[in-house]
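Notes for the one structure printed next.
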Amino acid sequence: MPDPAPFLTLAIEASNPSAAADSSGPGVAIGFVCARLGDPSQSDPSHRDPCRPLGVEMLRSAARHDDDLMPAIDRLWSRLAAEGLVGDKTDLARIAVSIGPGGYTGLRVAVVAAKCIAEAVGALCVPVPSASVVARRAAPGLPRPFAVALASKRETTVVTVFDGPDAVPSPAREIDADAMETLGCRALIADRFLPDSIRARCAALDIRIDEPLFDPAACLEAAAHIDPIDPAHLTPLYGREPEAVRKWRELHG
């Protein structure tokens, strides 16, 4: 049986805008992504490239109230259309979105945009954990297993453990410095917001710490390993109760 045609996919990575750095941060990518690896409908998935990126467009502002997401998608689509690489937007079959953990506003904007676009063009959504996006850009020599720490707040962070970028990760969980040893990790990927107490514990345990890369092309690649869902079921992954929800609950009971 011949392999099914790859799906034209839009990927959105806007999960952690405050952690933006050189060549890393909010952006979008478009490319062709094959069906989920390991799907029995594929005749021989090991002999095919699961992802063929066509282009990337970074958001021009990382400020959460300066929304450049839809303009960035339009800029990228227009550029690819001018090059003859894409046609009508209804050709989009998948909308992959980095769902968190991350910033409350960035996640909500990205998820709502993904759902609206998917509904408009008749596409499915692919929920990509943001830790999986980061894991795909881990340094080649990073010791394994390693953990990705996101959404650090006060003295805790939300970690996901990986044996490799393509491996099935552990469920994300919130930890403090005392729990670092229980992860069994030799390395941690974490941004500048990682609590000092956890950094100190990593130093005591000889756990290497690398900076994360948030690459929209990595979100596109990760989508090849995740089943698509109905847009109505797409929701952010916060990792912990959002601060706005906590404050509302405290005020209103």
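The values are calculated or read from the model by the stated rules, or taken from the named source; none is laboratory data. Just so it is clear, the model here is predicted, and its values are computed rather than measured. Please note: Cβ atoms are built from the backbone with ideal geometry, for glycine as well, and neighbour counts cover all protein chains shown.
Remarks
- Of all the criteria given as (1) closer than 20 Å to His233 by Cα; (2) in contact (Cβ under 8 Å) with a residue 24 or more places away in the chain, the one not satisfied by Pro171 is (2).
- Hits in segment 90-122 (condition: surrounded by 14 or more Cβ atoms within 10 Å (Cβ to Cβ), modelled with pLDDT of 95 or more, out of contact with any Ser or Thr (no Cβ under 9 Å at 6 or more places or on another chain) and not acidic (Asp, Glu)): Val112, Ala113, Ala114, Lys115, Ile117, Ala118
- Residue in segment 5-57 that is surrounded by the fewest Cβ atoms within 10 Å (Cβ to Cβ), counting only those that are assigned to a helix (DSSP H, G or I), modelled with pLDDT under 75 and not hydroxyl-bearing (Ser, Thr, Tyr): His47
- Test for Asp166: is it surrounded by fewer than 19 Cβ atoms within 10 Å (Cβ to Cβ) and under 26 Å from Leu8 (Cα atoms): yes
- Taken over segment 58-74, the criterion of being buried (at least 16 other Cβ atoms within 10 Å of the Cβ) and part of a helix (DSSP H, G or I) is satisfied by Leu69, Ala72, Ile73.
- One residue stands out in segment 62-78 among those that are over 23 Å from Glu119 (Cα atoms) and of a type outside the set (A, V, I, L, M): the one that is modelled with the lowest pLDDT, namely His65.
- Sub-8 Å Cβ pairs linking a first residue in segment 175-197 that is in contact (Cβ under 8 Å) with a residue 60 or more places away in the chain to a second residue that is part of a loop (DSSP other than H, G, I, E, B) and crowded, with 21+ Cβ neighbours inside 10 Å, at least 6 apart or interchain, are Asp191/Asn16; Asp191/Pro212, ordered by first then second residue.
- Taken as a whole, the condition of being surrounded by fewer than 22 Cβ atoms within 10 Å (Cβ to Cβ) and modelled with pLDDT of 90 or more does not apply to Arg249.
- Some residue of segment 75-94 being among the aromatic types (Phe, Trp, Tyr) and out of contact with any Pro (no Cβ under 8 Å at 6 or more places or on another chain): yes
- Number of the condition not met by Gly239 [criteria: (1) small (Gly, Ala, Ser); (2) surrounded by 15 or more Cβ atoms within 10 Å (Cβ to Cβ); (3) at pLDDT 95 or above]: (3)
- Selected residue (criterion: farthest from Arg199 (Cα to Cα)) from residues of segment 125-157 that are of a type outside the set (D, E, K, R) and surrounded by fewer than 19 Cβ atoms within 10 Å (Cβ to Cβ): Pro140
- Filtered residue count, segment 224-236, keeping only those that are farther than 13 Å from Val111 by Cβ, surrounded by 14 or more Cβ atoms within 10 Å (Cβ to Cβ) and modelled with pLDDT of 95 or more: 1
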